[in-house]
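Report on the following structure.
The values are calculated or read from the model by the stated rules, or taken from the named source; none is laboratory data. All of these numbers come straight from a predicted model, not from anything done at the bench. Using ideal geometry, Cβ is built from the backbone for each residue, glycine included, and neighbour counts are taken over all protein chains shown.
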């Protein structure tokens, strides 16, 4: 069963009530709740405790009262060891997340035999979030769960819930590999919500750029807090969350407001104790303002939240409504403000608010048959239970071939028709469900005079046996209680921050996924964390450690990237016309390489670029899927006769397409990228690719819906009021690198030309 209704509609009751009834009728019955974030699991635990006995506190007394009936417990990476044993033994309502199910519960299922053998219900909440790479991984994890349940004789009923999306039944069916009944009758009462679409003021004589969306969001949040409201600002990046937090605090301090200390940032990478404290302070009302990434987007009930500020369009209509729904979750009046950015999709929506409000949410795309994803989960499944000849087929049509390949490479051993995992450790520990990379970097704070090499030795000694960040931190602290020799300090240009009381201990202050590390913690970068600035001394790629020092700077840094695409294999090809005079379109496999080549220094106060610095980090590689569009000879001739250049036209089209594709395929703009290239095709083409090994299915959808994509791009450029190009359409023609943070316009790439792009779209459509 799948319940799809809006935020604050009571969809949690739709799955809690049948579960409560089953558990009260049968004391041995068990239910497993899967939430996409730890914050949401903690919030749902509070709600369960209130439903059960009217008290949200998880105290020994409350646990005693629950013992005879309903016994919920959260099992995640932050749960203490002793409490984990209690949950396995006593809890009949187990709240966790897909990551924990994947890496801890399923691989060690004998410890969970009592739960799994009596498992009656599995709840999959916030299903709309399981798209792209996370969706592909979760689909495989749920197939592994069903297989292990069968081993224990259980066949649980799956209950799913979500905010509104266009294809709820299709998405859930692909996730759980079962038929689904959809319930979408939403009759929940709501307070009045005001939704404001806010366009920052144009700047300069030419009016080509606008005031930063972040700057306007800072002013809006400060005003809301001063008026007594509780506000939550959603940003698209971790750095933006930190910057808004810092700027709001600075603004309130200039106003002599005591509210400056009641503002925090919330994002991935914070350590568990920091996240829990922020969540508690936000729920209790002690925090008045939070700048967050989408980590707080899903389902968290913040009853007193008055204002939700969306800094830039989140990428999908579904996410936009989800973030806006964080305010006014009861009957009170509330406000949601979408602060538009300078890019084409934001400006398109501001010009067409009717499109946004009338448009149904997008179709979620998930590809559980990605061979790179399948290989990881077949290894994990074989570790859990040997695979028989029929098992791979339950993972999809491509799975048997992938299993055979793993056997050929000796990662699986086929003995009498059963495939066993041939490795020595749990393969799930090396697989991230959420990122391109399977590894996590620890960000380590250096004290005055500390050497880096002792900790690096500790980390290197542990390679090949991945550890959790908490385990890593414990080892590091234990090893560094000894006396260490001291070396020189920070760069002369850096003012050292306050000394810590215990400067003999390495401290892990945050984590970052491996794919983001070269973009956030390269040497000499300024890393923003909890409103403070840290100077990156060293990035140890082998040891997965970034060493930082606390410092005070008047600037922060932004990475400049460079990418290259090589065509490997064309899978399908079609033309717009029979004689191929307009354009040809091809979908296939490509290899992408990219690296951080330099960084920009940006002043906090003025936001101006005050310099660059070089970065020497090895390039990263990505085998993925893409489509490429090649204009036909007739189009090239007509462009040339008009005095326009094909490369400049395609560059502008690429800039439009990478922000328009998320409107066609439900994805974030960070899930895709693209280049204009001619090196490996023999002719100039626009190439758009998925930013995950094996592809995510987004560019494939763009390939099949190329007409819709091109028409949307044409609409964006025609309606933009600028004369020669601006960040709201094709990008600026006179700047290199472009001010709209386009990494692919560096070093020889053509620069965009609005007139050429407009003419090209006229010819293509």
Q) Mind checking which residues of the range 223-232 are surrounded by 20 or more Cβ atoms within 10 Å (Cβ to Cβ) and over 27 Å from the mean Cα position of the chain (by Cα)? A) 224, 225
Q: Restricting attention to the range 724-765, report how many residues are at positive phi and modelled with pLDDT under 60.
A: 3
**Q.** Where residue 182 falls short, out of the listed (1) surrounded by 14 or more Cβ atoms within 10 Å (Cβ to Cβ); (2) at pLDDT 85 or above
**A.** (2)
Q) On the given criteria, is residue 674 within 21 Å of residue 346 (Cβ to Cβ) and part of a strand (DSSP E or B)? A) yes
Q) Quick one: which of 679, 701 is at pLDDT below 85 and either in the same structural domain as residue 624 (by TED's automatic domain parsing) or not in a helix (DSSP H, G or I) (or both)? A) 679
Q. Do you know which residues across the range 420-438 are closer than 30 Å to residue 672 by Cα and either at pLDDT below 80 or not in a loop (DSSP other than H, G, I, E, B) (or both)?
A. 427, 428, 429, 430, 434, 435, 436, 437, 438
Q) Could you say whether any residue in the range 85-92 is buried (at least 23 other Cβ atoms within 10 Å of the Cβ), modelled with pLDDT of 95 or more and touching a helix residue (DSSP H, G or I) at 6+ places or on another chain (Cβ under 7 Å)? A) no
Q: Answer yes or no as to whether residue 718 is closer than 21 Å to residue 570 by Cα, assigned by TED's automatic domain parsing to the domain that holds residue 587 and over 22 Å from the mean Cα position of the chain (by Cα).
A: no
Q) Is it the case that the range 630-645 has a residue that's part of a strand (DSSP E or B) and either touching a strand residue (DSSP E or B) at 6+ places or on another chain (Cβ under 7 Å) or at pLDDT below 90 (or both)? A) yes
**Q.** Residue, surrounded by the fewest Cβ atoms within 10 Å (Cβ to Cβ), within the range 370-393, restricted to residues that are touching a helix residue (DSSP H, G or I) at 6+ places or on another chain (Cβ under 7 Å) and outside any helix (DSSP H, G or I)
**A.** 385
